[in-house]
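The values are calculated or read from the model by the stated rules, or taken from the named source; none is laboratory data. As the structure is a prediction and not an experimental result, all values here were calculated from the model. Quick reminder, even Gly has a Cβ in these numbers, built from the backbone with ideal geometry, and neighbours come from all protein chains shown.
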Amino acid sequence: MKKSLTEKIFIGFVSGIIFGLLLGIISIPSLYEDQIVLFLSFGGDVFLKLIKMLVVPIVFFSLINGVANLQNISSLGRIGIKSISIYITTTFLAISISLFFANLFQPGNEIDTNFEANNINVSNPPSFLEILLNIIPNNPFDSLVRGEMLQVIFFAILIGGALSSTKESKTLKKFFVDFNNIIMKVLSFVMLVAPAGIFCLIAKTFATQGLSSIIELIKYFLLVIFVLFFHASVVYLPVIKFYGNLNLKKFFSGIKEALLFSFSTSSSSATIPITLQCVKNQFSVKENIASFTIPLGATINMDGTAIMQGVATVFIANLYGIDLFFTDYVSIILTATLASIGTAGVPGVGIIMLGMVLNQVGLPLEGIAIVMGVDRFLDMLRTCVNVTGDAMVSIVINKSEKK
Ligand code: ASP
């Protein structure tokens with residue numbers, strides 16, 4: 001039977017843990033052990049470099065497309081502004097809540113030896129005003145080359161905005177869409193070596209770090225799940241109950257098909273048709289509102305993804321023993337909120353976009369490999385949260401328009 005990529009990644013992950021632990025326990029001549037660890041490092045680095053290579057192009061092109069596709073914002077005026085504001089506010093809350101809990105529970109801080117962090121420079125953090133000023137690039141091409149994420153995002157939003165507001169830009173728009181598809185295709189090639197890459201990275205980690213890493217990884221995993229539920233209960237449910245005047249049981253039974261579908265596909269985009277049907281048929285959301293808010297939400301609203309990124313960033317900083325300062329948190333909130341706009345609603349993109357948040361605060365991208373092994377299930381759950389948010393906003397906007 002042919003195994004899916006997800007299964008292969010999982011197998012790579014689990015066998016990496018077993019191999020790494022055995023390597024740490026069994027006594028073999030240290031010369032051999034060093035050679036094996038060296039080989040694992042090499043394999044892991046190949047995979048990491050392939051991922052790193054794609055971060056800037058993915059962010060740049062998907063964000064341009066995300067913004068360029070919002071072409072009917074201005075025609076929809078009020079509804080557009082209202083829904084975009086709610087989407088961005090809930091994402092902002094999601095990432096703030098996740099950073100709060102990640103700081104409270106500090107996943108990853110109980111590993112005795114700090115991971116070796118190559119190539120990071122922990123210089124004095126810039127001030128808040130400097131961060132704001134730094135968002136504007138001196139030279140956007142230089143920012144692309146250096147991978148300055150906020151600057152890249154800023155420039156991409158402007159290009160996307162300009163594309164969506166000029167009629168003559170059809171060919172260019174198509175170019176960006178095509179290029180984005182090509183980059184996604186390259187990503188799918190790179191993911192073919194993910195099982196082997198993850199095996200190497202995880203085996204090396206466990207050979208050198210031992211059991212404490214697993215415990216910390218489980219802590220990370222459970223914390224993301226907890227914050228996903230917390231955000232849904234504390235941010236979405238009160239709005240649905242009190243503003244939407246809806247019984248929660250009725251709400252969940254109304255969107256259950258969309259939830260099931262998003263859980264099994266891990267894709268808010270693929271779920272669009274089902275979410276649309278649910279909000280129209282079960283909650284009588286008007287056609288013009290549903291057909292605008294749901295696809296928009298599936299494109300720019302990723303609260304679940306932002307939550308994973310917040311917890312993962314603190315986890316990775318702890319693993320590498322790097323302190324995050326107030327300005328780093330501001331950067332994380334800004335970057336993750338924007339990353340949510342740029343994340344395509346397809347499986348596994350959120351974890352790649354995590355690279356952009358890590359880059360922004362100077363954390364090593366190696367961290368992605370550590371969380372990637374447990375990301376598949378988290379992706380299923382966070383996509384449910386993303387889709388619940390889309391449905392919630394659609395119902396709320398419908399209600400407010402009636403008023
Ligand atoms: N799978 C998520 C979605 O489609 C995106 C991600 O976080 O990877 O909403």
Looking at the stretch 300-311, which of the residues that are of a type in the set (G, A, S) and out of contact with any Lys or Arg (no Cβ under 6 Å at 6 or more places or on another chain) is nearest to the ligand (Cβ to nearest atom)?
A306
Of the residues A306, A339, A317, A344, which single one is assigned to a loop (DSSP other than H, G, I, E, B) and either buried (at least 22 other Cβ atoms within 10 Å of the Cβ) or in contact with a helix residue (DSSP H, G or I) (Cβ under 8 Å, 6 or more places away or on another chain) (or both)?
A344
Scan of the stretch 373-403 for residues that are touching a helix residue (DSSP H, G or I) at 6+ places or on another chain (Cβ under 6 Å) and in a loop (DSSP other than H, G, I, E, B), ordered by number
G373, V374
Pick out the one residue from L63, L93 that is in contact with a helix residue (DSSP H, G or I) (Cβ under 6 Å, 6 or more places away or on another chain), at pLDDT 70 or above and buried (at least 19 other Cβ atoms within 10 Å of the Cβ).
L63
Would it be correct to say that F230 is within 16 Å of the ligand (Cβ to nearest atom), closer than 21 Å to G108 by Cβ and assigned to a helix (DSSP H, G or I)?
no
Could you please find all residues in the stretch 207-248 being over 25 Å from I395 (Cα atoms) and free of Cβ contacts under 8 Å to residues at least 40 places away in the same chain?
I218, L222
Conditions first: (1) away from the ligand (no atom under 14 Å from the Cβ); (2) closer than 12 Å to F92 by Cα; (3) buried (at least 24 other Cβ atoms within 10 Å of the Cβ). I333 passes all but one, so which condition is the exception?
(3)
Given the residues N138, N181, which is the only one that is out of contact with any helix residue (DSSP H, G or I) (no Cβ under 8 Å at 6 or more places or on another chain), modelled with pLDDT of 85 or more, in a loop (DSSP other than H, G, I, E, B) and of a type outside the set (S, T, Y)?
N138
Among the listed residues L50, L40, L21, L31, which satisfies the condition of being more than 13 Å from L201 (Cα to Cα), modelled with pLDDT of 80 or more and assigned to a helix (DSSP H, G or I)?
L50
Answer yes or no: is there a residue in the stretch 354-372 that is part of a helix (DSSP H, G or I), within 11 Å of the ligand (Cβ to nearest atom) and under 10 Å from the mean Cα position of the chain (by Cα).
yes
Only listed residue being at pLDDT 90 or above and either more than 27 Å from G66 (Cα to Cα) or surrounded by fewer than 24 Cβ atoms within 10 Å (Cβ to Cβ) (or both), chosen from K286, K250, K256:
K250
Please go through the stretch 283-299 and give me each residue that is within 11 Å of the ligand (Cβ to nearest atom) and more than 20 Å from F251 (Cβ to Cβ), ordered by number.
T299
Is one or more of the residues making up the stretch 171-182 within 29 Å of G367 (Cα to Cα) and touching a Lys or Arg at 6+ places or on another chain (Cβ under 9 Å)?
no
When you go through D328, D379 one by one, which is the residue that is away from the ligand (no atom under 11 Å from the Cβ) and more than 27 Å from G80 (Cβ to Cβ)?
D328
Within the set of pairs 6 or more residues apart or between chains, which connect a residue that is under 14 Å from A312 (Cβ atoms) and free of Cβ contacts under 8 Å to residues at least 60 places away in the same chain inside the stretch 334-354 to a residue that is near the ligand (Cβ under 8 Å from one of its atoms) and aliphatic (A, V, I, L, M) with Cβ atoms less than 7 Å apart?
G350/M302; G350/M308
Filter the stretch 243-282 down to the residues that are small (G, A, S) and assigned to a helix (DSSP H, G or I), then identify the one that is farthest from the ligand (Cβ to nearest atom).
S253
